[in-house]
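Report on the following structure.
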Amino acid sequence: MALGPMPGAAAQSDWWTPTARPTPDSGINVTGAPFQGTDAKGQVRGFVDAHNHLMSNEAFGGRLICGKPFSQLGVADALKDCPEHYPDGSLAVFDMITKGGDGRHDPVGWPTFKDWPAHDSMTHQQNYYAWVERAWRGGERVLVNDLVTNGVICSVYFFKDRSCDEMTSIRLQAQKTYEMQAYIDTMYGGPGKGWFRIVTDSAQARQVVQQGKLAVVLGVETSEPFGCKQILDVGQCSKADIDRGLDELYGLGVRSMFLCHKLDNALCGVRFDEGALGTAINVGQFLSTGTFWQTEKCAGPQHDNPIGLVPAPNAQQDLPAGVSVPSYAADAQCNARGLTELGEYAVRGMMKRKMMLEIDHMSVKAAGRAFDIMETESYPGALSSHSWMDLDWIERVYKLGGFVAQYMNGAEAFSAEAKRTDALRDKYGVGYGYGTDMNGVGGWPGPRGANTANPVQYPFRSVDGGSVIDRQTAGQRTWDINTDGAAHYGLVPDWIEDIRQVGGQGVVDDLFRGAESYLHTWGATEQHRAGVNLAADSTATASSAESNPFTSYAPGRAVDGDGGSRWASDWSDDQWLQIDLGSEQLVKRVTLAWERAYGKAYRIEVSTDGTTWQSVWSTTTGDGGLDTAQFAGVPARQIRVHGLQRGTQWGYSLYDVGVYST
């Protein structure tokens with residue numbers, strides 16, 4: 001029996017069909033009404049792409065990504081190659097770096113599309129608006145458009161037609177995203193009528209999804225935000241620059257952000273890239289900062305990506321005479337750079353503005369400190385949008401209330417990783433996302449082949465069952481996920497069907513709950529309120545206090561609200577700091593800001609009478625910095641931090657202790 005729209009679909013107004021569309025244009029090749037409303041539990045339905053780059057053709061000097069997601073002149077103008085790629089791609093330098101070979105290809109886009117877009121072409125437009133429309137029709141309901149650029153890549157790339165200033169590019173990409181919304185609105189009769197809706201809060205996003213449309217969230221992924229680059233380890237921005245930058249981005253509608261990306265900057269160290277691309281980026285790191293990546297032995301089980309050591313001659317030739325990319329010790333796999341003082345200020349600034357922090361691309365050292373800060377405030381706005389965080393930290397994200405998406409890997413790899421973390425999603429009751437990273441020069445799933453045992457069979461139904469999806473056609477080219485792989489954004493529904501064939505319905509069901517989970521994290525971030533510190537200015541006593549004729553290390557220094565003062569004990573293991581809250585309170589969380597003299601093994605004890613003590617939390621693996629002890633709520637008047645084993649030769653020393661009922 002031939003597939004057709006589900007019964008009842010024809011009775012609805014075809015609000016999803018535009019009254020006007022550019023002629024000619026790409027096909028959508030989906031029939032049936034986009035689903036609207038919520039499920040029986042009142043939750044929105046649909047997929048979330050937590051990481052995409054709709055406007056990166058405007059980045060990197062404007063000539064790295066060829067083609068545009070839309071054009072007032074139509075598809076032939078939007079989907080054409082960069083001028084220097086004619087006649088045979090000989091000057092497609094970035095193709096040579098990222099794909100290998102000589103970069104040669106047929107530059108003609110519309111209408112033949114002989115060689116691009118393709119799953120392994122990093123330099124050609126994949127986000128044409130009609131292809132995004134097909135993904136929406138196939139069930140995607142939230143799309144995060146990360147405004148992206150890199151000033152160093154721009155400066156060293158041979159071809160450009162605009163400034164390399166990162167913030168200038170970010171502003172332009174935001175403007176172009178709003179222009180794309182207006183462009184689509186025009187097809188549907190005017191402002192607000194199109195399916196592509198930029199949203200600035202979670203309630204607005206929910207309303208858009210309930211209408212059956214696509215909620216578009218603006219994020220930022222750039223290497224030197226607010227001008228915060230570093231030169232020879234000296235930051236080139238100030239706290240005032242960070243505040244101005246965050247306020248400007250928030251005003252543009254940005255609600256999520258990376259603080260570092262590809263290159264170390266004045267805010268944080270990055271997670272390394274691998275292979276030849278890693279070598280090329282390390283060259284860029286030197287050209288931007290005056291230093292190559294620096295490594296050290298990892299302090300814990302988490303580690304950064306293996307550093308790129310494969311030669312990249314086209315990039316290495318840009319190094320000054322006598323300078324070469326260093327070699328690295330095999331047992332030193334972590335970036336020595338973490339979250340700087342300015343980086344901590346930026347994290348707290350984002351929290352103040354209720355923005356979500358992207359952990360991906362942060363070094364282990366930087367991400368660990370960012371987690372520590374968010375945990376002390378129980379701040380849920382943590383995102384891992386495309387598998388660039390150490391995967392052993394997924395539960396740490398979920399504990400905060402954050403959201404996790406996986407990079408758009410092939411169906412086998414995606415399904416395997418989804419199943420590896422399935423128990424965690426069940427534990428925390430969350431859905432799953434994907435990060436396509438299209439136009440982000442990362443590479444996308446190749447074809448599994450038409451002869452595989454379980455190919456995608458066309459046409460197929462959308463996950464909700466209400467639409468029928470056939471092979472996608474643009475001009476003279478028809479794409480098939482089995483033989484072309486994920487060549488462009490319109491093949492996202494086909495890729496999801498491929499996952500269903502390989503990984504089963506359970507993986508797809510988790511993805512279909514992704515939009516709800518993402519919006520839940522966003523809403524919780526917006527509603528977050530800093531808890532009241534019950535310990536502030538309370539009476540504090542201790543087993544001992546280090547004697548110093550010039551400075552007081554009295555117990556009260558840990559609860560005086562001054563981050564520069566501290567309590568310090570004598571230099572022996574069995575020591576404690578006790579805080580009297582003045583009256584019995586419900587206590588659920590204790591935060592500790594350690595000086596260098598920290599506790600390796602210690603426990604949190606509570607009492608209602610100061611005599612009988614109950615241990616409610618303990619650790620034997622303390623590593624200093626910021627610690628957060630969370631436990632089931634208990635009534636307590638007295639709180640005691642009881643040190644059992646020191647982490648250093650000194651005693652125990654705490655800048656601040658916080659006690660919270662939330």
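The values are calculated or read from the model by the stated rules, or taken from the named source; none is laboratory data. Only a predicted model underlies this, so the values are computations on that prediction, with no experimental measurement involved. Reconstructed Cβ throughout: ideal geometry from the backbone, glycine too, with neighbour counts over all protein chains shown. Keep in mind that these areas ignore ligands, DNA and RNA; they rest on the heavy atoms of the full protein, side chains included. Shrake-Rupley method; radii C 1.70, N 1.55, O 1.52, S 1.80 Å.
Collect the residues in segment 90-113 that are touching a strand residue (DSSP E or B) at 6+ places or on another chain (Cβ under 8 Å), touching a residue at least 60 places away in the same chain (Cβ under 8 Å) and of a type outside the set (S, T, N, Q), keeping them in residue-number order. Write out each step before concluding.
Residues of segment 90-113 that are touching a strand residue (DSSP E or B) at 6+ places or on another chain (Cβ under 8 Å), as a first pass: 109-113.
Right, trim to touching a residue at least 60 places away in the same chain (Cβ under 8 Å) and you get 110-113.
If the condition is that a residue be touching a strand residue (DSSP E or B) at 6+ places or on another chain (Cβ under 8 Å), touching a residue at least 60 places away in the same chain (Cβ under 8 Å) and of a type outside the set (S, T, N, Q), then TRP110, PRO111, PHE113 are the ones that fit.
Scanning for something in contact (Cβ under 8 Å) with a residue 24 or more places away in the chain, touching a strand residue (DSSP E or B) at 6+ places or on another chain (Cβ under 7 Å) and of a type outside the set (D, E, K, R), does segment 68-83 turn up at least one residue? Steps first, please.
Kept after step one, since they are in contact (Cβ under 8 Å) with a residue 24 or more places away in the chain, are these residues of segment 68-83: 68-70, 72, 74-76, 78-82.
Keeping just the survivors that are touching a strand residue (DSSP E or B) at 6+ places or on another chain (Cβ under 7 Å) gives 81-82.
Next, only the ones that are of a type outside the set (D, E, K, R) stay: 82.
Among the residues of segment 68-83, at least one is in contact (Cβ under 8 Å) with a residue 24 or more places away in the chain, touching a strand residue (DSSP E or B) at 6+ places or on another chain (Cβ under 7 Å) and of a type outside the set (D, E, K, R), which makes the answer yes.
Could you pull out every one of the helices (runs of 4 or more DSSP H) wholly within segment 355-429 that has 3 or more residues that are among the hydrophobic types (A, V, I, L, M, F, W, C) and touching a helix residue (DSSP H, G or I) at 6+ places or on another chain (Cβ under 7 Å)?
Numbers: elements: 364-376, 394-400, 411-420, 422-428.
Correct list: 364-376, 411-420.
When segment 324-334 is filtered for residues that are surrounded by 13 or more Cβ atoms within 10 Å (Cβ to Cβ) and assigned to a loop (DSSP other than H, G, I, E, B), the ones remaining, listed by number, are VAL325, PRO326, TYR328, ALA332, GLN333. Do we find that ARG637 is closer than 20 Å to ASP537 by Cβ, of a type outside the set (Gly, Ala, Ser) and open to solvent by 60 Å² or more (accessible area, probe 1.4 Å) in this structure? For ARG637, the condition - closer than 20 Å to ASP537 by Cβ, of a type outside the set (Gly, Ala, Ser) and open to solvent by 60 Å² or more (accessible area, probe 1.4 Å) - is met. The residue that is most open to solvent (accessible area, probe 1.4 Å), counting only those in segment 97-118 that are in a helix (DSSP H, G or I) and within 21 Å of PRO447 (Cα to Cα), is LYS99.
With ARG500, ARG477, ARG471 as the choices, which residue is basic (Lys, Arg), open to solvent by 10 Å² or more (accessible area, probe 1.4 Å) and more than 24 Å from GLU412 (Cβ to Cβ)?
Working: ARG500 fails: more than 24 Å from GLU412 (Cβ to Cβ); ARG471 fails: more than 24 Å from GLU412 (Cβ to Cβ).
None of the others qualify; the one that does is ARG477.
Suppose we keep only residues that are under 21 Å from the mean Cα position of the chain (by Cα) and over 20 Å from VAL152 (Cβ atoms) within segment 46-72. Which one would you say is surrounded by the most Cβ atoms within 10 Å (Cβ to Cβ)? Among them, the one singled out is HIS51.
Out of GLN173, GLN204, GLN181, I need the residue that is open to solvent by 50 Å² or more (accessible area, probe 1.4 Å), at pLDDT 95 or above and not basic (Lys, Arg). Which one? So that I can check it myself, show each step before the final result.
Details: GLN173 fails: open to solvent by 50 Å² or more (accessible area, probe 1.4 Å); GLN181 fails: open to solvent by 50 Å² or more (accessible area, probe 1.4 Å).
On inspection, the qualifying residue turns out to be GLN204.
Of GLY343, GLY278, GLY300, GLY269, all but one fail to be at pLDDT below 95 and buried (at least 19 other Cβ atoms within 10 Å of the Cβ); the exception is GLY278. Looking across segment 579-616, the residues that are free of Cβ contacts under 8 Å to residues at least 40 places away in the same chain and either within 26 Å of GLU546 (Cα to Cα) or outside any strand (DSSP E or B) (or both) come down to ILE604, GLU605, VAL606, SER607, THR608, ASP609, GLY610, THR611, THR612, TRP613, SER615. Which residue is most open to solvent (accessible area, probe 1.4 Å), if the candidates are limited to segment 516-546 and must be assigned to a loop (DSSP other than H, G, I, E, B) and touching a Phe, Trp or Tyr at 6+ places or on another chain (Cβ under 8 Å)? By that ranking, first place goes to VAL532. Return the total of residues in segment 207-226 being open to solvent by 10 Å² or more (accessible area, probe 1.4 Å) and among the charged types (D, E, K, R). The qualifying residues number 2. Restricting attention to segment 402-425, the residues that are crowded, with 20+ Cβ neighbours inside 10 Å and either touching a strand residue (DSSP E or B) at 6+ places or on another chain (Cβ under 8 Å) or not hydrophobic (A, V, I, L, M, F, W, C) (or both) add up to 12.
Note down all Cβ pairs under 6 Å where the first residue falls in segment 305-324 and is on the phi < 0 side of the Ramachandran plot, the second is assigned to a loop (DSSP other than H, G, I, E, B) and acidic (Asp, Glu), and they're at least six residues apart or on different chains. Here the result reads ASN305/GLU274; PRO306/GLU274; GLY308/ASP273; GLY308/GLU274, each pair linking segment 305-324 to a residue that is assigned to a loop (DSSP other than H, G, I, E, B) and acidic (Asp, Glu).
Take the conditions closer than 26 Å to LEU400 by Cα and touching a Ser or Thr at 6+ places or on another chain (Cβ under 7 Å) and apply them to LEU592. Does it pass? Give the steps one after another, and end with the answer.
Values: closer than 26 Å to LEU400 by Cα: yes; touching a Ser or Thr at 6+ places or on another chain (Cβ under 7 Å): no.
So LEU592 fails the test.
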